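Every number in this text was worked out from the coordinates using simple rules, so none of it is lab data. Predicted, not measured: the structure shown is a model, and the values here were computed from it. Neighbour counts run over all protein chains shown; Cβ positions are idealised from the backbone, glycine included.
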Amino acid sequence: MFVQIKKSGGAEYIYIIESFRKNGAVAHRTVKKLGRLDLFLEKDPEALEKLREEVRRNSRELRTFSTARTVSQIRSLAIKKEQQELQDGMPSLNYSSFVLKAVWCGCLKLDYRLNYLQRRYHQKLNLNLNQTFFERALARILKFENTGLKFGIETAIMSSCFNPEDPLADADGFLRLLSTERFRILNFVRDHLQSDHGIDPEKIRPQDIDDKTYEKLLHDNNEDPIFGRFTFEMVANAVVRVLEKKVADAGITTDFHEIKNSLRRALLLVDYPVGGDGPILYIKANNGHYVRTMNNIMTALGLLPLLNIQDKTELSRRLRTKFTSDEQIIPPMMYAHLIATGENSDN
């Protein structure tokens, strides 16, 4: 990337130009138009040199990551003062679902097991057993607290319409189903913990269960919904225990509670560009100890730690998925609210 001055109609204009390859040849495209040079220098005669230094400093990062960060920085120089009226803060997305899904599907293969059980024994079930179980386990692990934010608009789970504040339509029926299938589920999970990950299955035992009830849970045919709740809790514990083991195997010291706290704080702020001019950017909301733990968790699972700032392309690369649009990342209600807010700010 570089700064270019072009003459037109007797005036000089500033452009930020990016080099790229097209059909094997080097080509150029305009990243940002910053307007007339004389107006740009009006308040600060050194503004052009500062801009050039900013672009030079970021060019190396652009070649490795994406244009998102520099576009954001340059955009901050160019946005008109009267447009800077968005003061209500940015919505947040929790991205730990991608980490937990890597364990759920990749390490424990629970998606395979639950989909099989539904196809084999519960074809008439009016919900997706695997999806419902995963979402409820996610909510239990993260323990979303009432922060006063509107879930789905001001905060949400990335790439999901799931709202943990909404009660399950037939919670008792779901727990009864888990109770009925608990031997097939728990035996599968406990076997994987021991054989594939070297984890003692007793480590996922619920904290608030006495010995007699625990024995019934594992061996009695009683289908009381309470056993469904304990089954649910044990599976959620198994996911975190596998995370704990993966991180330990990578030579990083952490514990069960630190992992849970790191997952809860895995937030990205959604930066919708003023006036819709430019990419939507995803910015880490926190820093410090728990973010470093989250980075270690992602590395241990073969994911790439997120940058402080990224666009959808870089986010796809780091989460090892494929986002072709921001609407695949941002839940519908939040996306609609961002669009409406952005349009209003431009009027």
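Put simply, when 232-243, 311-322 are sorted by average Cβ atoms within 10 angstrom per residue, most first, you get 232-243, 311-322.
Report the calculated FRET efficiency for Arg119 and Arg317 (r = Cβ-Cβ distance, R0 = 45 Å), to the nearest 0.05. Could the numbers behind the result be given before it?
Details: r = 34 Å, r/R0 = 0.75.
Calculated value: 0.85.
Once fully extended, how much extra length lies between Ala171 and Lys203, figured as 0.36 nm per residue of separation less the alpha-carbon to alpha-carbon distance? Could you put the intermediate results ahead of the total?
Numbers: separation 32, 0.36 × 32 = 11.52 nm, distance 2.62 nm.
Stretched out fully, the Ala171 to Lys203 stretch lengthens by 8.9 nm.
Pop the C-beta distance of Ala248 and Tyr15 into the FRET formula with R0 = 45 Å and round what comes out to the nearest 0.05. The formula returns an efficiency of 0.30 here. The list [x] 22.8; [y] 24.7; [z] 20.5 gives values of mean projected area of the Cα convex hull in nm², and only one came from this structure; which label was calculated from it? Recomputing mean projected area of the Cα convex hull in nm² here gives the entry labelled [x]. Note on Lys124: aspartates and glutamates with a C-alpha under 16 Å away, same-chain residues under 8 apart excluded, are Asp170, Glu181.
Return the calculated 222 nm mean residue ellipticity for the chain, to the nearest 500 deg cm²/dmol, obtained by summing -39500 (n - 2.57) across DSSP H runs with n ≥ 4 and dividing by the residue count. Walk me through the intermediate numbers first.
On the way: 14 runs with 168 residues, N = 347.
One gets -15000 deg cm²/dmol as the mean residue ellipticity at 222 nm.
Computing FRET efficiency as 1/(1 + (r/R0)^6) for Asp220 and Asp191, where r is the C-beta to C-beta distance and R0 is 30 Å, gives about 0.95. Please enumerate, by chain and number, the lysines with C-alpha under 24 Å from the C-alpha of Lys260, excluding those fewer than 8 residues away in the same chain. Hits, sequence-local ones excluded: Lys101, Lys109, Lys143, Lys150, Lys203, Lys245, Lys246, Lys284. Counting charges near Arg120 (Lys, Arg +1; Asp, Glu -1) among other residues having Cβ under 14 Å from its Cβ returns a value of +3. If only the Cβ of Lys and Arg carry +1 and only the Cβ of Asp and Glu carry -1, the dipole of the range 127-221 around its Cα centre is close to 100 debye.
I need to check one value: relative contact order of the range 85-163, counting alpha carbon pairs closer than 8 Å and at least 6 residues apart, in percent. Kindly include the intermediate steps, with their values, before the conclusion.
Working: 41 pairs, mean separation 37.1, N = 79.
Reported as a whole number, the value is 47 percent.
Dividing the mean sequence gap of close Cα pairs (under 8 Å, 6+ apart) by how many residues the range 235-347 holds gives a relative contact order of 23 percent.
Quote the relative contact order of the chain in percent (integer), defining contacts as alpha-carbon pairs under 8 Å separated by 6+ residues. Numbers along the way, then the final one.
Values: 438 pairs, mean separation 62.4, N = 347.
That works out to 18 percent.
With a simple spin-label model that places each label point 7 Å from the Cα along the Cα-to-Cβ direction, the separation between Ile153 and Lys50 comes to 3.8 nm.
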